[in-house]
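The values are calculated or read from the model by the stated rules, or taken from the named source; none is laboratory data. Because the structure is predicted, anything quoted here is derived from the model rather than measured. Cβ placement follows ideal geometry from the backbone for every residue including glycine, while neighbour counts extend to all protein chains displayed. Each accessible area value is taken on the protein alone, full model and side chains, heavy atoms only, with ligands, DNA and RNA left out. Shrake-Rupley method; radii C 1.70, N 1.55, O 1.52, S 1.80 Å.
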Amino acid sequence: MMLIAIGWIVFLLLIGGVALDRTLSGLITRNFDEQLEYMLTAMVASAEIGPDGEVFFSRPLGDQRFLEPNSGLYWQITGEGHEDFPSRSLWDRTLEVRPSDHLEPMVFDSVQFTGEPLRVMQRPIMLPGSDTTWWFVVAASREELNAQIARFRSILFYSFIVLAGGLIMMAALQTWLGLSPLRGVRRAIQRIRVTGESRVTEPLPLEVQPMVEELNALLAHSERQAEEARAHAGNLAHALKTPLTVLNNAAAAHAPDLDELVQREAATMRRQVDHHLARARAVGRRATGLARADVREAAEAVERAVSRLYQHVRFDIAGCAEGETIVAIERQDLDEILGNCIENAAKYGGGSVFVTVDAEPDNARSCVVWIEDDGRGIPEADRQRIFDRGARLDTGKPGTGLGLAIVRDVVEIYGGTVALGESEDLGGLLVELRLPRALINDK
């Protein structure tokens with residue numbers, strides 16, 4: 001990051017230095033040219049035509065350098081058919097004239113004098129009383145101009161060096177101070193790794209406090225996941241321990257019904273494994289944070305599947321249309337939730353099942369789904385117990401007793417709730433699912 005900052009500082013200072021150099025060099029050169037133009041204007045104002053057609057000055061020019069040989073400041077008047085009229089400072093030399101069609105003053109650089117670069121300005125003038133085009137030329141040595149530009153560039157260079165050094169030092173100081181909170185976070189994370197602490201507890205600057213809160217939330221989330229994994233493993237081991245003990249004892253005693261016993265206990269173990277696999281799958285999908293599913297679409301798919309098994313049952317799905325109610329649940333888990341609830345309603349009901357999607361459309365956090373049947377319902381005293389694994393109130397129909405237990409576990413893993421009540425319209429059982437809505441801006 002420091003290298004990037006240094007690179008940008010140097011780049012911007014170079015761009016600014018070049019622009020400033022061109023601007024101020026142009027200003028110095030323009031000021032030099034204005035002095036030449038002033039002298040040229042004074043020459044034109046003082047020039048007159050003599051009786052023989054020659055040009056002369058009615059008054060001498062004010063700069064003493066025009067009278068000193070090789071002084072670095074020269075003038076000359078040239079006309080076709082006439083001898084040149086030079087300043088004494090030219091001595092035995094002549095200024096070069098570059099004829100052109102420009103009537104305005106023209107300025108250019110010249111190296112006609114060896115070792116003395118010149119800045120030359122010339123202008124054609126028609127003087128009163130003469131038919132000759134007279135070229136008024138004034139020249140000055142560029143040494144003074146070049147010296148001014150060199151002094152300016154030297155000052156500019158060293159100023160920018162000091163400025164660059166100061167900016168780099170400030171950037172380094174700002175980076176060091178700006179990253180000091182992150183160094184504190186690094187030390188806190190290192191302490192968590194070394195000492196086994198579970199949270200960042202030391203006070204840190206406000207700039208990194210949101211990150212610390214997110215870090216603590218991540219640690220808490222990881223702890224919950226680890227605890228859930230341990231609980232799942234323990235529950236599964238406990239659930240499998242009893243059937244395995246029964247099988248082991250029966251095998252040791254050479255029980256005559258060992259075949260039937262193996263099949264029954266194997267089915268029990270399979271149900272337990274399926275239950276815990278469903279929980280583990282839901283936990284893993286929830287951790288990704290990308291689960292999305294359409295409740296209406298899933299409900300209609302489940303209804304089509306269940307209606308083939310229970311052809312005598314009348315199904316009715318109402319509420320929001322497809323695409324209007326998206327929940328933060330994986331589609332396979334949503335199918336399992338709705339499938340267990342709708343199949344139970346068809347199995348234990350009296351022939352009618354109503355499903356209402358988004359029963360509370362004003363609820364911004366949850367999508368509420370009602371599943372109602374016209375069966376005998378469940379007494380209020382048994383509604384909590386029915387969620388226990390293996391609990392069944394009607395043993396006359398096939399089942400494992402794990403359906404509602406899986407529904408409760410998977411719904412709660414995703415942050416939802418499930419509750420049982422009495423249907424006001426059909427008189428049977430009402431299953432109320434509150435499923436977390438997916439945020440629109442997360443789609």
Restricting attention to the range 330-344, does a residue exist that is closer than 23 Å to A405 by Cα, over 47 Å from the mean Cα position of the chain (by Cα) and open to solvent by 20 Å² or more (accessible area, probe 1.4 Å)?
-> yes
Residue set E322, E297, E360, E303; condition touching a residue at least 40 places away in the same chain (Cβ under 8 Å) and either open to solvent by 30 Å² or more (accessible area, probe 1.4 Å) or not in a helix (DSSP H, G or I) (or both); output residue E303
Return the pairs, sorted by first residue and then second, in which the second residue is in a helix (DSSP H, G or I), the first residue lies in the range 19-32 and is more than 21 Å from V120 (Cα to Cα), the beta carbons are less than 7 Å apart, and the residues are 6+ apart or on different chains.
-> L20/L156; D21/R153; D21/L156
Single residue of the range 373-391 satisfying the filter (acidic (D, E) and farther than 19 Å from I406 by Cα) that is most open to solvent (accessible area, probe 1.4 Å) = E380
Within the range 138-168, of all residues that are surrounded by fewer than 15 Cβ atoms within 10 Å (Cβ to Cβ) and of a type in the set (A, V, I, L, M, F, W, C), the one nearest to A19 (Cα to Cα) is F157
Does the range 103-118 contain at least one residue that is at pLDDT 90 or above, of a type in the set (A, V, I, L, M) and open to solvent by less than 30 Å² (accessible area, probe 1.4 Å)?
-> yes
Looking only at residues in the range 410-434 that are open to solvent by less than 40 Å² (accessible area, probe 1.4 Å), part of a strand (DSSP E or B) and out of contact with any helix residue (DSSP H, G or I) (no Cβ under 6 Å at 6 or more places or on another chain), which one is farthest from G351 (Cα to Cα)?
-> L433
Among (1) out of contact with any Leu (no Cβ under 7 Å at 6 or more places or on another chain); (2) at pLDDT 90 or above, which single condition is V327 missing?
-> (1)
Being modelled with pLDDT of 90 or more and under 20 Å from V418 (Cα atoms) is the filter here, so list the residues in the range 315-324 that pass it.
-> I317, A318
Among residues of the range 1-40 being surrounded by 11 or more Cβ atoms within 10 Å (Cβ to Cβ) and over 28 Å from R151 (Cβ atoms), the residue farthest from the chain's Cα centre (by Cα) is I6
